[in-house]
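Just below is one structure, and these are the notes that go with it.
The values are calculated or read from the model by the stated rules, or taken from the named source; none is laboratory data. Nothing here was measured: the structure is a model prediction, and the numbers come from that model. Every residue, glycine as well, gets a Cβ built from its backbone with ideal geometry; the counts of neighbours run over all protein chains shown. Heavy atoms of the whole protein, side chains included, go into the accessibility calculation; ligands, DNA and RNA do not. Shrake-Rupley method; radii C 1.70, N 1.55, O 1.52, S 1.80 Å.
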Amino acid sequence: MNAMYYDAFEKMPEIRILPDPVPTENGVVIKVEATGLCRSDWHGWMGHDPDIRLPHVPGHELAGTIAAVGRGVLRYKTGDRVTVPFVSGCGRCFECRSGNNQVCEAQFQPGFTHWGSFAEYVAIDFADQNLVHLPEDMDFATAASLGCRFATSFRALVDQARVKGGEWVAVHGCGGVGLSAVMIAAALGANPIAIDISEEKLAFAQKLGAVATINGRATEDVAGAVRDITRGGAHVSLDALGSPVTCFNSIKNQRRRGRHVQVGLMLAEHATPQIPMAQVIGHELEIYGSHGMQAWRYEAMLAMITAGQLKPQELIGRQISLEEAAPALAAMDGATELGISVITRF
Ligand SMILES: [Zn+2]
Ligand SMILES: [Zn+2]
């Protein structure tokens, strides 16, 4: 198979012919039809993720058709159209048995703990616990965009922050996670405020339902601006980027008893950000993480998509080839493109 491959961190990935994967007893092999390019892939390539062992094939936001099935798999067969959350649970540990595969103690993450989906084929373990059947009318590029950023935003707002209609939701950073969050918050009847340093991204966020926007480059006190717009602070605030500044602002701009959700990864030199802890205590703020979403919760998200309340297809930016994805991956630390780039040609 063709695959993107690197044997050293920060070295330009190459496209290589590698052996086709074979399924484990409880796993499947998926013919990848679409796979999204994500900032987590860039973190991995930089060497920020201790789960990655070299040489490596990245890629974790995927959709495709099952090409081979292990003997122990009961619920899936060759030819099924599927996607998978980027954190897959083992199905056996305490967290999985209590329904929390997204924090499984023995998690399988394609593109991190194992070789991923920037390839024609990818092996996925624990298939019965983690695969999700795609609705008939959903194209593969849209399905690929769900597995990481969209699902994580959905979980962040619906399950972690428990957003209610009429609440103010501040979204810091309008990459894939942030734009997804704006769309989901608007669909829930909340009032999303989009914050970014790109006017282009803010305009896109407005189209997706942001009721107000703040340009972080042009505004000295972002948290103060959110408090002004919301007359007292956001009920819910998301750091969708993952940086010390956005994390701090996202906590600082809350109203009393507000809920902050950290979705953007904080790695390497950003791993221990400054947090206004006096405010967290005095105002009884809640601080959450959101780490993917367990497969069984996809049903709720897919129902909103099928009903037309959520339109993840609108978040798709460029559709690119595997070859074009290598330089795009290496460039992800800078200003990223509008929307989600998806590899659809292998
Ligand atoms: Zn991702
Ligand atoms: Zn588990």
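For the chain, give me the percentage of DSSP beta bridges that are antiparallel, rounded to the nearest 5 percent. Can you show the working numbers first?
Numbers: 26 of 53 bridges.
The antiparallel fraction comes to roughly 50 percent.
State in Å² the accessible area per residue of region 229-313; use a 1.4 Å probe, count heavy atoms of protein chains only, and round to the nearest integer.
Details: 4030 Å² over 85 residues.
Per-residue accessible area for region 229-313 comes out at 47 Å².
For region 265-295 and region 297-343, compute the distance between their C-alpha centroids and round to whole Å.
25 Å
Quick one: give the max-minus-min coordinate of the C-alpha atoms of region 138-215 along each principal axis, largest first, in Å.
Per principal axis, max minus min of the Cα coordinates gives 32, 28, 17 Å.
Relative contact order for region 286-344 using alpha-carbon pairs under 8 Å, separation at least 6, rounded to a whole percent? List each step's numbers first, then the result.
Values: 32 pairs, mean separation 21.3, N = 59.
With pairs under 8 Å counted, the relative contact order is 36 percent.
For the chain, with all protein chains present and a 1.4 Å probe, just round the carbon and sulfur fraction of the accessible area to a whole percent.
Values: 7330 of 14120 Å².
Roughly 52 percent, rounded to a whole number.
Charges only on Cβ, +1 for Lys and Arg, -1 for Asp and Glu: so what's the dipole of region 175-312 about the Cα centre, in debye to the nearest 20? Could you put the intermediate results ahead of the total?
Values: 12 positive and 11 negative charges, 76 e Å.
Result for region 175-312 is approximately 360 debye, rounded to the nearest 20.
Would you mind working out the accessible area per residue for region 10-152, using a 1.4 Å probe, and quoting it in Å²?
Details: 5590 Å² over 143 residues.
In whole numbers, region 10-152 has 39 Å² accessible per residue.
Would you work out the relative contact order for region 166-289, in percent, from Cα pairs under 8 angstrom that are 6 or more residues apart?
Details: 272 pairs, mean separation 28.7, N = 124.
Across region 166-289, relative contact order equals 23 percent.
Rounded to whole Å, give me the distance from the Cα center of region 136-177 to that of region 63-83.
26 Å
Could you tell me what a quarter of the Cα convex hull surface of region 8-66 works out to, in nm² with one decimal place? Present the calculation step by step, with values, prior to reporting the outcome.
Working: hull surface 19.5 nm².
With the hull built on Cα positions only, its mean projection is 4.9 nm².
Just flag the GluC sites (Glu not before Pro) in region 248-301 sitting in loop per DSSP whose Cβ has no more than 14 other Cβ atoms within 10 Å. Walk me through the numbers before you get to the answer.
Working: sites: Glu269, Glu284, Glu286, Glu299; in loops: Glu284.
Loop-located and lightly packed - Glu284.
With the calculation restricted to Cα positions, what are the radius of gyration and Dmax of region 71-146 in angstrom?
Rg then Dmax for region 71-146, in Å: 12.7, 35.
In Å, the Kirkwood hydrodynamic radius of the chain over pairs of distinct alpha carbons?
On the way: mean 1/r = 0.0497 Å⁻¹.
Final number for the Kirkwood radius of the chain is 20.1 Å.
Students often check this: by mean Cβ neighbours within 10 Å, which of 86-93, 322-329, 222-229 ranks highest, and how do the rest follow? Display every interim value, and only then the final one.
On the way: 86-93: 21.8, 322-329: 18.1, 222-229: 19.9.
Ranked by mean Cβ neighbours within 10 Å, highest first: 86-93, 222-229, 322-329.
Largest first and in whole Å, give the semi-axes of region 31-181's equivalent ellipsoid, each being the square root of 5 times a Cα gyration tensor eigenvalue. Spell out each step's value before the answer.
Numbers: eigenvalues 118, 70, 59 Å².
Working from the Cα gyration tensor, I get semi-axes of 24, 19, 17 Å.
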